[in-house]
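The block underneath contains the structure these notes are about, expressed in structure tokens.
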Amino acid sequence: MNDQSKKAIEEFLTGKDEISAEILEESKELFGKVPFILEILKERPESFVFNALGDFETIRPKSLDAATAELISVASATALGATACLKVHIGAALKAGATMDQVLDAIMIPAALGRTSILAPSLRIFKECRDKDVQE
């Protein structure tokens, strides 16, 4: 990294405490509460500000409305089994205008896909064994 970039980062980080506080306030507004992980991660403000800002940009892209972005977060949290994240993002989805029916669908779709991730490899092995047995 060149000296100019290092200096820009150092200057940015002089406001890390204020930026951290603003990130926590924005997350409270966005999610209705400050997620637990942010409370802990803020103890390392140098990395927290960069990671949190990047995450905020990622979870609220300009190409999607807030409700759609939150429904994707609900689906992702469902698929990952991240129950604490699921609670936060269900609340945020509803706050952003999603309906309970949409939230339920955002949970059911990854659940259905999860079944196929179990069935597909298992049924391939089953078919392989069955076909081998038929040939013998």
query = Does Ala75 count as in contact with a Pro (Cβ under 9 Å, 6 or more places away or on another chain) and either among the hydroxyl-bearing types (Ser, Thr, Tyr) or part of a helix (DSSP H, G or I) (or both)?
reply = yes
message = It is to be established whether one or more residues within region 102-109 are closer than 18 Å to Ser27 by Cβ, not aliphatic (A, V, I, L, M) and not assigned by TED's automatic domain parsing to the domain that holds Glu29.
response = no
ask   = Out of all the residues in region 56-72, which are hydroxyl-bearing (Ser, Thr, Tyr) and in a helix (DSSP H, G or I)?
value = Thr58, Thr68
request  = Answer with yes or no whether Leu86 is part of a helix (DSSP H, G or I), surrounded by 15 or more Cβ atoms within 10 Å (Cβ to Cβ) and outside the structural domain of Leu30 (by TED's automatic domain parsing).
outcome  = yes
key: Condition check for Ala92: of a type in the set (Gly, Ala, Ser) and either under 24 Å from Lys33 (Cα atoms) or surrounded by 15 or more Cβ atoms within 10 Å (Cβ to Cβ) (or both)   = yes
query = Within region 2-18, can one find any residue that is outside the structural domain of Ala112 (by TED's automatic domain parsing), surrounded by 15 or more Cβ atoms within 10 Å (Cβ to Cβ) and in a helix (DSSP H, G or I)?
reply = yes
query = If a residue has to be in contact (Cβ under 8 Å) with a residue 24 or more places away in the chain and of a type outside the set (D, E, K, R) to count, how many in region 38-67 make the cut?
reply = 8
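The values are calculated or read from the model by the stated rules, or taken from the named source; none is laboratory data. This one's a predicted model, so the numbers in the text were calculated from it and none came from an experiment. Quick reminder, even Gly has a Cβ in these numbers, built from the backbone with ideal geometry, and neighbours come from all protein chains shown.
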